[in-house]
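Peer 1: Pasting a structure below so you can have a look.
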Amino acid sequence: EVDLMFPQGQYITGLEFDGQTVAVTESYEEKKTTSNGTEVINTVKIYTVEVDDISEIYTATFDLDVPGFYKTSHPAQIQFGGKQNPFKDAVKSYAYSNIVSLYSKGIFLENESFNPTNELPRAHFALMMARAFELEVPETTVFTDISSRSEEEKTAIKALNNYGIINGATATTFNPNGNIKRYEAALMINRMLEKQGIKADEGLTSNFTDVASMSSDTKAAIAHLASLGIINGKGNNKFDPSGQLTRQEMAKILDNTLKLIEKQ
């Protein structure tokens with residue numbers, strides 16, 4: 001239950017929740033006495049919505065009416081439960097709801113800053129992926145350049161490589177500090193979907209004009225993720241395959257992937 005209190009004379013005339021108009025389920029009047037002894041009558045309207053996960057962030061629009069002055073709509077993001085957002089710099093990110101969703105799942109750890117526009121090293125990408133999926137970890141690895149990474153990162157890299165999700169930069173190196181590119185992320189996410197039984201229709205293509213030189217596997221992965229709404233282009237039919245993946249982009253594609261898998 002969420003109570004919204006407005007100054008006298010202001011009230012909601014409509015509510016849209018996740019793109020759907022919500023009807024009033026109950027309406028009644030109640031008398032209240034103000035601090036100066038004046039008796040007023042308030043109209044209470046109850047809107048009821050159902051959500052699948054109270055830890056998710058949902059979008060809403062409130063139509064507010066102030067008689068004789070203005071009518072306006074106010075967009076809002078609503079979270080009914082789950083963990084509070086600890087990242088002060090993520091509030092204005094387009095992937096804010098995805099960031100909070102992954103934080104609630106324990107995939108992102110608490111910190112004052114999320115740095116949404118920062119580029120994402122390959123080791124960090126592997127770490128986020130491994131936290132999202134429980135995978136067996138082999139005892140050994142062919143990669144000779146990950147010994148200085150944290151134990152959790154080494155475990156993540158070994159597990160994802162063993163599972164067939166990530167490859168090395170060479171036969172024996174992983175290049176953990178190298179920033180991951182958008183096409184590389186698409187390949188890895190698509191491999192994870194295929195492991196979960198979510199495969200693209202044969203011959204599926206995208207309308208991106210800058211992926212022609214990519215491998216057939218890469219083009220298929222990008223087309224598959226775009227068709228599922230997991231990843232977007234950069235406008236003007238461009239995907240920017242060799243562009244650096246940012247942390248907020250990672251949050252969006254990983255959260256979208258998990259939501260899709262959960263629905264299967």
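Peer 1: For segment 50-83, enumerate the residues that are closer than 22 Å to ASN98 by Cα, modelled with pLDDT under 80 and not acidic (Asp, Glu).
Peer 2: ILE54, SER55, ILE57, GLN77, GLN79, PHE80, GLY81, GLY82, LYS83
Peer 1: What tally of residues in segment 107-122 results from selecting those that are open to solvent by 30 Å² or more (accessible area, probe 1.4 Å) and either in contact (Cβ under 8 Å) with a residue 12 or more places away in the chain or under 22 Å from GLY229 (Cα atoms) (or both)?
Peer 2: Residues of segment 107-122 open to solvent by 30 Å² or more (accessible area, probe 1.4 Å): 109-113, 115, 117-119.
Now narrow it down to the ones that are either in contact (Cβ under 8 Å) with a residue 12 or more places away in the chain or under 22 Å from GLY229 (Cα atoms) (or both): 110-113, 115, 117-119.
The qualifying residues number 8.
Peer 1: Sticking with this one: Among the residues of segment 35-45, is there at least one that is of a type in the set (Ser, Thr, Tyr) and either in a loop (DSSP other than H, G, I, E, B) or surrounded by 15 or more Cβ atoms within 10 Å (Cβ to Cβ) (or both)?
Peer 2: So far as segment 35-45 goes, yes, one or more of its residues are of a type in the set (Ser, Thr, Tyr) and either in a loop (DSSP other than H, G, I, E, B) or surrounded by 15 or more Cβ atoms within 10 Å (Cβ to Cβ) (or both).
Peer 1: What residue, among those in segment 147-179 that are of a type in the set (Gly, Ala, Ser) and under 27 Å from the mean Cα position of the chain (by Cα), is nearest to MET129 (Cα to Cα)? Break it down into steps so the answer makes sense when it comes.
Peer 2: The first filter runs over segment 147-179 and keeps only residues of a type in the set (Gly, Ala, Ser), leaving 147-148, 150, 156, 159, 164, 168-169, 171, 178.
Of the ones still in play, those that are also under 27 Å from the mean Cα position of the chain (by Cα) are 150, 156, 159, 164, 168, 178.
On the way: SER150: 15, ALA156: 8, ALA159: 10, GLY164: 13, GLY168: 16, GLY178: 16 Å.
By that ranking, first place goes to ALA156.
Peer 1: What about LEU258, is it outside any loop (DSSP other than H, G, I, E, B), open to solvent by 10 Å² or more (accessible area, probe 1.4 Å), in contact (Cβ under 8 Å) with a residue 60 or more places away in the chain and closer than 20 Å to SER93 by Cα?
Peer 2: Numbers: outside any loop (DSSP other than H, G, I, E, B): yes; open to solvent by 10 Å² or more (accessible area, probe 1.4 Å): yes; in contact (Cβ under 8 Å) with a residue 60 or more places away in the chain: yes; closer than 20 Å to SER93 by Cα: yes.
Yes: the conditions hold for LEU258.
Peer 1: Among the residues of segment 220-237, which ones are on the phi < 0 side of the Ramachandran plot and either aliphatic (A, V, I, L, M) or open to solvent by 40 Å² or more (accessible area, probe 1.4 Å) (or both)?
Peer 2: From segment 220-237, those on the phi < 0 side of the Ramachandran plot are 220-228, 230-234; that's our starting set.
Once the filter is applied, which keeps residues that are on the phi < 0 side of the Ramachandran plot and either aliphatic (A, V, I, L, M) or open to solvent by 40 Å² or more (accessible area, probe 1.4 Å) (or both), segment 220-237 yields ALA220, ALA221, ILE222, ALA223, LEU225, ALA226, SER227, LEU228, ILE230, ILE231, ASN232, LYS234.
Peer 1: Moving on to the next point. From the list ASP201, ASP240, ASP217, which one is open to solvent by 20 Å² or more (accessible area, probe 1.4 Å), in a helix (DSSP H, G or I) and more than 15 Å from ASN256 (Cα to Cα)? Don't jump to the end; show me each part of the working.
Peer 2: Details: ASP201 fails: in a helix (DSSP H, G or I); ASP240 fails: in a helix (DSSP H, G or I).
After ruling out the rest, the residue left standing is ASP217.
Peer 1: Kindly check whether there is at least one residue in segment 48-60 that is touching a residue at least 12 places away in the same chain (Cβ under 8 Å), within 17 Å of THR21 (Cα to Cα), open to solvent by 70 Å² or more (accessible area, probe 1.4 Å) and part of a loop (DSSP other than H, G, I, E, B).
Peer 2: Scanning segment 48-60 turns up at least one residue that is touching a residue at least 12 places away in the same chain (Cβ under 8 Å), within 17 Å of THR21 (Cα to Cα), open to solvent by 70 Å² or more (accessible area, probe 1.4 Å) and part of a loop (DSSP other than H, G, I, E, B).
Peer 1: Quick one: in segment 123-168, of everything that is aliphatic (A, V, I, L, M) and not in a helix (DSSP H, G or I), which residue is surrounded by the fewest Cβ atoms within 10 Å (Cβ to Cβ)? Outline the logic, then answer.
Peer 2: Initially, segment 123-168 is screened for residues aliphatic (A, V, I, L, M), giving 123, 126-130, 132, 135, 137, 142, 146, 156-157, 159-160, 165-166.
Next, only the ones that are not in a helix (DSSP H, G or I) stay: 135, 137, 142, 146, 165-166.
On the way: LEU135: 17, VAL137: 15, VAL142: 12, ILE146: 22, ILE165: 21, ILE166: 24.
If we take residues in segment 123-168 being aliphatic (A, V, I, L, M) and not in a helix (DSSP H, G or I), then VAL142 is surrounded by the fewest Cβ atoms within 10 Å (Cβ to Cβ).
Peer 1: Does at least one position in segment 74-97 carry a residue that is in a helix (DSSP H, G or I) and open to solvent by less than 20 Å² (accessible area, probe 1.4 Å)? Break it down into steps so the answer makes sense when it comes.
Peer 2: Step one: filter segment 74-97 for residues in a helix (DSSP H, G or I), giving 96-97.
From the residues that got through so far, the ones that are open to solvent by less than 20 Å² (accessible area, probe 1.4 Å) too are none.
No, segment 74-97 contains no residue that is in a helix (DSSP H, G or I) and open to solvent by less than 20 Å² (accessible area, probe 1.4 Å).
Peer 1: Let me ask something else about it. Can you name the residue in segment 169-182 that is open to solvent by less than 60 Å² (accessible area, probe 1.4 Å) and not in a loop (DSSP other than H, G, I, E, B) and, of all such residues, is nearest to ASN118 (Cα to Cα)? Steps first, answer last, please.
Peer 2: Going through segment 169-182, the residues open to solvent by less than 60 Å² (accessible area, probe 1.4 Å) turn out to be 173-174, 176, 178-180, 182.
Subset that is not in a loop (DSSP other than H, G, I, E, B): 179, 182.
Working: ASN179: 10, ARG182: 13 Å.
Looking at residues that are open to solvent by less than 60 Å² (accessible area, probe 1.4 Å) and not in a loop (DSSP other than H, G, I, E, B), I get ASN179.
The values are calculated or read from the model by the stated rules, or taken from the named source; none is laboratory data. From a predicted model like this one, the values you see are computed outputs, not experimental measurements. Counting neighbours? That spans all protein chains shown, and the Cβs are built from the backbone with ideal geometry, glycine included. Side chains included, ligands, DNA and RNA excluded: accessible areas come from the protein's heavy atoms. Shrake-Rupley method; radii C 1.70, N 1.55, O 1.52, S 1.80 Å.
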